[in-house]
Structures are given as structure tokens and as C-alpha cells.
Amino acid sequence: MPFFAYTVAFLFLPAGAILVGAFEGKTSGWTLSNVRLLFHHPYIDAYKTSIEISLVTALVGGVAGLFIAYAALRDGTPGWVRSVFTTFSGVAANFGGIPLAFAFIATAGPLGIVTVFLRNHGFDPSAHGFNLFSKTGVELAYLYFQLPLMILVISPAIDGLRREWREAAANLGAKQWQFWWHVGLPVLMPSILGATILLFGNAFAAYATAYSLTSGTVNIVPILIGAYYSGNVLDNPHLAQAMAFGMFVVLAVMMVLYVPLQRRAARWAK
Amino acid sequence: MAYLELQELHRDFGTVKALNGIDIALGEGEFLSLLGPSGCGKTTALRLVAGFDRPDQGRIVVDGKDVTRVSPNRRDMGMVFQAYSLFPNMTARQNVEFGLKIRGRDKAERRKRVDDLLELVGLTHAADRYPHQLSGGMQQRVALARALAIEPRVLLLDEPLSALDAKVRVQLREEIRRIQLELGITTLYVTHDQEEALAISDHVAVMYGGVIEQMGTPAEMYTAPATPFVAEFIGTMNRLEAIVLDGVEGDVEHSGLRLRVDAARGRRNGERVLVLIRPESLELEAATNGAAPNSFTGEVLTQTFLGPVTRLKVSGSGTNLIADLSTARAAALPVGARVVAKIPSEGAKLISLPDDGPGLPVLDPDDQ
């Protein structure tokens, strides 16, 4: 009951308010104009950028996190490596917002220690098109928490891969890659898909890191919503609510794509 | 000529000697069980044969070829694991088919072979089920079929029945033996269950502390244990520490009692020995007046009903003995009854104990 009250107060009521507000006019009455506006510049571009950043960081973080987690957990890796990775991932996955942005500015910004170090050694990242305050910079910063989140989420699934499966496959003549192709990856696939969708959602809803890093110059949906809600520039909370509604829709589309894939990947577990 | 040979195999894990020079020679089509308690090295030996681990010293030879350094996927050995080894994302049919698919066999051949094997293990009806839809016994049948699908040179089984309940265990071990005989496949079987090993093997090797204590047929292992450990491990045994009094007549002394044991003939007077008597060899009857020769007098402490036989624990003269009687006869000797336990002079076995050491502690036979 308390949990139900909690979800009603902090999830369903705000979500309902957004849903209703998205279809209200600035002055009064119901309208579709807010939603219609989402298909025009700059809103549609914000969605494109947000989806692109989320996809890139979910895929790169997902793949890299999977490999790193496997390397840390596989048989033969010393036990302390596992502890170090788990602890670090727990901290890093929750490291975001202004502190993360500052950390990146201090290391990879124009005067960051890594940038200066590279420049002193003859390699200037900015001369090669790198700009921390761009979409690529945001993606880089997001990967800092996406990758450890993947490690945390996928580790139990990797732990669940039984040594007997690998040995049975080898015993039956399979090479390493054949084991992964026929057994390892199919068994992990439901977890990989679940983790990737989580990473996508995590990046799609992130606000503070991108805002602090780029001061709003990278046009992503959460920053745009913040700008409309704060009323500093434009005062139209219903348009902001329509954009939030659009985010629901994007996530719902992701879920619609995810559910059958997940069901197919996990058909053997039913 | 031996088909599978393990020659002087050594394997250390840090300071622990898991295998300390074991030698095994197994003929083609024979069934050998490696039997022993946890940590005796039996699974290590099996894993070395499978190629999942490498020996520090020694060789593994199959059909005259040294395979010690050959990787597991090139050894052509089928292995059945303890449990949960089926690929969970594949049906029973796909699991059995896996090895053939990896070997690039064509579809028609695969289908026929899988059908034959599923029929052999009695699982045709469950071919399209996933592992989690199968019982433990069915899963192990599929695992056996999967191991046999590749027509392995040697079949390896690592305690395949230990996770199953008692009834299924007995059924399945008989099936394993039937299939092994039918296919004539050389088989190495690891178990800690002596009843299982004795029931299905051509040969049994009892291991302890990384060495083979004794190897022989099940009957030899049961009737003529060569070491105190084997005597303790195989079946239940009464063990009486004694000293040879007369090596000509075969007389020994235990707890102040003089016993005649045929096996003591030819032993040196004063030699420390362990007299071994199976519970079913002891004759038990109600005590009457006067001491009978070659016997203990004592009191029935407990009775344990085991179905057709009842196990009685008898205590007297500082010795605990256990005897198996038919349940009907045991009814006449209730707990508390005074009984005479006759030691059969011809049925008892003898093992030498070191003169200068304490030898074995005399264990309570109930703990064996």
C-alpha cells in the first residue's frame, strides 16, 4: 500500500499531468498544436540528437561493457580484479551531472590535463575535430556512466554462464567462437537486450551532465524541456509537456521493438 | 592391449597433490569406475583425460596415441557432467545434434543419428523440449545421448547420477551400463558411491589422497580389500585390530580374546594386523551358558531395519561389531538381548598394520 501510494504520487500523477498538459493550449482549451510542433525545427532535431546520443552510448557502452565484464569475471581472472571492477562500476555508474562535466572539462577540455599532455606531445585533439562541448563530447561523458552501468547489469548474467557449457561444447568439438556463437551469446542475449534498452533510457533522460558540459549548446530534448519549464527564454510549459510526452512515445517505440526481440531471444527460458 | 592408458599422472594445485602418480590401463570396451571420497583426485583424473586440465607429469594414451597435449575439442571424447550441462537455449534434439553440427555432418545424417540416440535413451517423445522442461533424469539421458552422438573413442562420466533421487539413480545407472555394453564403448566413470561403482563396472579403482589404493573387479574389491582404506570404503566392514599369536595355527589376539583366523596362517608372530569381517559373515545367536570358541559375547545395542535384512550393533568385551541378519531372525534378538557373535575363521580377511605406528584408529562400524 505505501509503495502504491508512492508510485501514484511520484509516477502516475506527474505522468498523467504531463499527458493531459501536452494537449492543453497556452491560454486555455484542448489542442494538438503542441504535439504538431514537435515535428518541426528545433524540436525534431532535438529528438534526433537525443536518440542518436542514446543509441551510440547504449551500443558502445553495451558492447564495451560486455567485453570488460566478461574479462573481469571469467575463470582465471584474479578475484581482486572482480572486486575492483564491481566497486568502481557501482561508483562510476552513479557519477553524473555537474561533477562529471567538471571532471571531463578538467581532463579533456581545451585546457584539460590530457589535452595539454597530448598537445605537448605533438597531438592536438582539437586540430583533429574533437570538441568536448559538442555532441561527441556529450557521448564521451555519457559513456563514463553507461559503461559501468552495463558492467553492473550484465555481470549476474555472465556469472550465470556455467563452466560445464563451455567444457561440454569443447568436448563436443566446438572452438571458442563456436561456443559463443551457438551457446554463450544466445544465452546472454535476453540480458544484453534488456541492459541495452536500460542504457538507452538512461542516456535519453540524462540532463545535468549535458547541460553542465555544453551550457545547452547541444540541442537535446531534456535540455529543451528544461529551458521551456524554467521560463527564462520561452514560457510554454505545455510545449515542454508535449516534449516529455514525445519522450514517452520514443521509449514506448523502443519497448515495442524490444519486447518481441527479447521474447524471441528468451523463448528457451519459458 | 590397453586402449586407454593413464601413465604416472601427477597434478598439483599449489601445495595440494591432487594426483600423485596414478597408472591405469583399460581395455577397449571396458568400464572402469574411479571411486573415492571427495578430494581423492578422481575428478581431476577425469578432467585430465578430457583435456580440460593438463598433468604436471605423465601421459594419457588412447589407442596407442599420446593425447596429453591435445586440446579437448580434438580428443573425440564424450563427457557427461554432474548436472546442468545441457545448453539451455537448445532443445533436447538440438543438444544431441550439437556435436554433429560442429563436425559438419549433413542434415539427413544428423537427423537419423539424433533420432537413433533419442530412441536409445528413451526420449523420442521429449525431443523438442528445452532442458528446463525435462526432469533431472531426462536431462542426464539427453546429456548421455549428446556425448554418444559424436561416436567418442572414450566415454567419460563425472558423477552423472549424484544430483538425482535414489530411484532414478538406480534406473539410470542400469541404463548407462546397458547402453555401454550395447555400444561397446570404453568408459571411465567417476563416483563416490561404492554401490553404484560395484553395480555397473568391469573394474573399480579406489582412490585416496591422489593415488590408486586398489584396482580390480567389483568382486575382488569387495571380498579382498588390499588396504585398510579400501576395506573401510567398500561396503561395511568390522575391523578388529589384533596381534598374531600363532602364525602356524592362525591365532590372533584382540582385546584379550583369542581368535582363529585362517588368513593369519603364515604370518609372523607378534605382527600387528587388522582383521576384517563383513557384517553378513558374522553369525549371531542368543547367548547360552558357557563361552563358545572364536566368539564374542555381547549385548544388542541397536537394530536398524534395512528391508530384507536388519543390521544389529553388538557391544561386548570392549568391541563393537555389526551384523546383518535376515529380518525374521533378527526379530528373535531384540535390543538388550545377550548374544554370541561367532567369528568365521575362514571368512575373515587380514591386512598388515605397521609395527611401529598406531595403525588405524578402530572406528565405530556404524560410522563406516
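The values are calculated or read from the model by the stated rules, or taken from the named source; none is laboratory data. Small disclaimer: the values here were computed from a predicted structure and weren't measured. Cβ atoms come from the backbone with ideal geometry, glycine included; neighbour counts cover every protein chain shown.
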- Residue hits (segment A:173-195; under 30 Å from A:LEU251 (Cβ atoms) and aliphatic (A, V, I, L, M)) are A:LEU185, A:VAL187, A:LEU188, A:MET189, A:ILE192, A:LEU193, A:ALA195
- Among the residues of segment B:22-43, the number that are in a strand (DSSP E or B) and either buried (at least 16 other Cβ atoms within 10 Å of the Cβ) or aliphatic (A, V, I, L, M) (or both) is 9
- Limited to segment B:237-285, what total is found for residues that are within 20 Å of B:GLY318 (Cβ to Cβ) and among the hydroxyl-bearing types (Ser, Thr, Tyr)? 1
- Count of residues meeting criterion [assigned to a helix (DSSP H, G or I), touching a residue at least 60 places away in the same chain (Cβ under 8 Å) and in contact with a helix residue (DSSP H, G or I) (Cβ under 9 Å, 6 or more places away or on another chain)] in segment B:199-235: 2
- Query: Can you tell me which residues in segment A:11-30 are exposed (fewer than 11 other Cβ atoms within 10 Å of the Cβ) and under 19 Å from A:PRO237 (Cβ atoms)?
  - Reply: A:THR27, A:SER28, A:GLY29, A:TRP30
- Message: For B:GLU241, only one of the following conditions fails: (1) in contact with a His (Cβ under 8 Å, 6 or more places away or on another chain); (2) of a type outside the set (S, T, N, Q); (3) within 15 Å of B:SER345 (Cα to Cα). What is its number?
- Response: (3)
- Note on the structure: Scanning segment B:47-60 residue by residue, those among the hydrophobic types (A, V, I, L, M, F, W, C) and at the interface with chain A (Cβ under 9 Å from one of its Cβ atoms) turn out to be B:ALA50, B:PHE52
- Task: Say whether the condition of being touching a His at 6+ places or on another chain (Cβ under 8 Å), in contact (Cβ under 8 Å) with a residue 60 or more places away in the chain and over 17 Å from A:TRP268 (Cβ atoms) is met by at least one residue in segment B:78-86.
- Result: no
- Kindly indicate whether any position in segment B:274-290 is under 16 Å from B:VAL339 (Cα atoms), among the small types (Gly, Ala, Ser) and either touching a helix residue (DSSP H, G or I) at 6+ places or on another chain (Cβ under 8 Å) or assigned to a loop (DSSP other than H, G, I, E, B) (or both). yes
- Task: List the helices (runs of 4 or more DSSP H) that sit entirely inside segment A:116-225 and contain at least 1 residues that are within 29 Å of B:ILE150 (Cβ to Cβ) and more than 14 Å from chain B (Cβ to nearest Cβ).
- Result: A:135-159
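For the subset of segment B:321-346 comprising residues that are within 21 Å of B:ARG239 (Cα to Cα) and surrounded by fewer than 19 Cβ atoms within 10 Å (Cβ to Cβ), which member is modelled with the highest pLDDT?
Only one residue tops the list, namely B:LYS342.
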- Task: Take segment A:39-83 and flag every residue that is of a type in the set (Lys, Arg) and either loosely packed, with under 14 Cβ neighbours inside 10 Å or not in a helix (DSSP H, G or I) (or both).
- Result: A:LYS48, A:ARG74
- Task: Go through segment A:1-38 residue by residue and tally those that are farther than 15 Å from A:ALA244 by Cα and either assigned to a loop (DSSP other than H, G, I, E, B) or not hydroxyl-bearing (Ser, Thr, Tyr) (or both).
- Result: 15
- Message: Looking only at segment B:236-266, how many residues end up being outside any strand (DSSP E or B) and surrounded by 21 or more Cβ atoms within 10 Å (Cβ to Cβ)?
- Response: 4
- Query: Can you find even one residue in segment A:31-38 that is within 29 Å of A:GLN146 (Cα to Cα) and either surrounded by 15 or more Cβ atoms within 10 Å (Cβ to Cβ) or at pLDDT 90 or above (or both)?
  - Reply: yes
- From (1) buried (at least 16 other Cβ atoms within 10 Å of the Cβ); (2) touching a Phe, Trp or Tyr at 6+ places or on another chain (Cβ under 9 Å), pick out the condition that doesn't hold for A:THR86. (2)
- Note on the structure: When B:ASP116 is run through (1) over 26 Å from the mean Cα position of the chain (by Cα); (2) surrounded by 21 or more Cβ atoms within 10 Å (Cβ to Cβ), the failure sits at (2)
- Message: I'd like the residue in segment B:44-59 that is outside any helix (DSSP H, G or I) and out of contact with any Leu (no Cβ under 6 Å at 6 or more places or on another chain) and, out of all such residues, is surrounded by the most Cβ atoms within 10 Å (Cβ to Cβ).
- Response: B:GLY51
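For the condition crowded, with 22+ Cβ neighbours inside 10 Å and not aromatic (Phe, Trp, Tyr), what is the one hit in B:LEU157, B:LEU198, B:LEU164, B:LEU172?
Step by step, each of B:LEU157, B:LEU198, B:LEU164, B:LEU172 is checked, and only B:LEU157 is crowded, with 22+ Cβ neighbours inside 10 Å and not aromatic (Phe, Trp, Tyr).
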